[in-house]
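What follows is a set of notes on a single structure, which appears directly below.
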Amino acid sequence: MCRNITTLRGLEPAATAEEIEAAARQYVRKVTGVQTLTDQTRDPFEAAVAEITEVTTRLLAELPARRQPPPTVPPLRRPEVQARIAAKAARSS
């Protein structure tokens, strides 16, 4: 398994759509080796991300609750990642 993908099942509060999509995007990047999208890779890459996001959302909803929360916090919940996202958004504005 890709070490960058964290366990989403059992999070409190539950994993958000954004967190599930980020995990799907990491997975697709890992299995394809595509890091930068081009005109040739964009459509199939984004279609795969959408499908994996949908399947993962359904899977998480159907699995029973975990007895313990996952041992790691997803990146989008980490303060340093939130700060980096905010700084990037501020530069883009």
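For this structure, a couple of remarks:
- For segment 45-66, residues that are in contact (Cβ under 8 Å) with a residue 12 or more places away in the chain and in a loop (DSSP other than H, G, I, E, B) total 3.
- Among the residues examined, Thr32 does not qualify as among the hydroxyl-bearing types (Ser, Thr, Tyr), within 17 Å of Thr6 (Cβ to Cβ), under 18 Å from the mean Cα position of the chain (by Cα) and modelled with pLDDT of 95 or more.
- Scanning segment 40-93 for residues being closer than 17 Å to Ala22 by Cβ, over 17 Å from the mean Cα position of the chain (by Cα) and small (Gly, Ala, Ser) gives a total of 3.
- Hey, Glu54 of a type in the set (Asp, Glu) and surrounded by 11 or more Cβ atoms within 10 Å (Cβ to Cβ) or not: yes
- Residues that are assigned to a loop (DSSP other than H, G, I, E, B), farther than 20 Å from Gln68 by Cα and among the polar types (S, T, N, Q), drawn from segment 1-44: Asn4, Gln35, Thr36, Thr38, Gln40, Thr41
- If you go through segment 27-51 and keep only what is surrounded by 15 or more Cβ atoms within 10 Å (Cβ to Cβ) and either touching a Leu at 6+ places or on another chain (Cβ under 7 Å) or of a type in the set (A, V, I, L, M) (or both), you end up with Val28, Val34, Phe45, Ala48, Val49.
- The residues in segment 57-76 that are touching a helix residue (DSSP H, G or I) at 6+ places or on another chain (Cβ under 9 Å) and either within 15 Å of Gln26 (Cβ to Cβ) or surrounded by fewer than 10 Cβ atoms within 10 Å (Cβ to Cβ) (or both) can be counted, and the count is 3.
- Criterion violated by Glu80 - all others in (1) under 17 Å from Thr6 (Cα atoms); (2) surrounded by 10 or more Cβ atoms within 10 Å (Cβ to Cβ) satisfied: (2)
The values are calculated or read from the model by the stated rules, or taken from the named source; none is laboratory data. None of these values were measured; they are calculated from a predicted model. In this analysis, Cβ positions are derived from the backbone assuming ideal geometry, glycine residues included, and neighbour counts consider all displayed protein chains.
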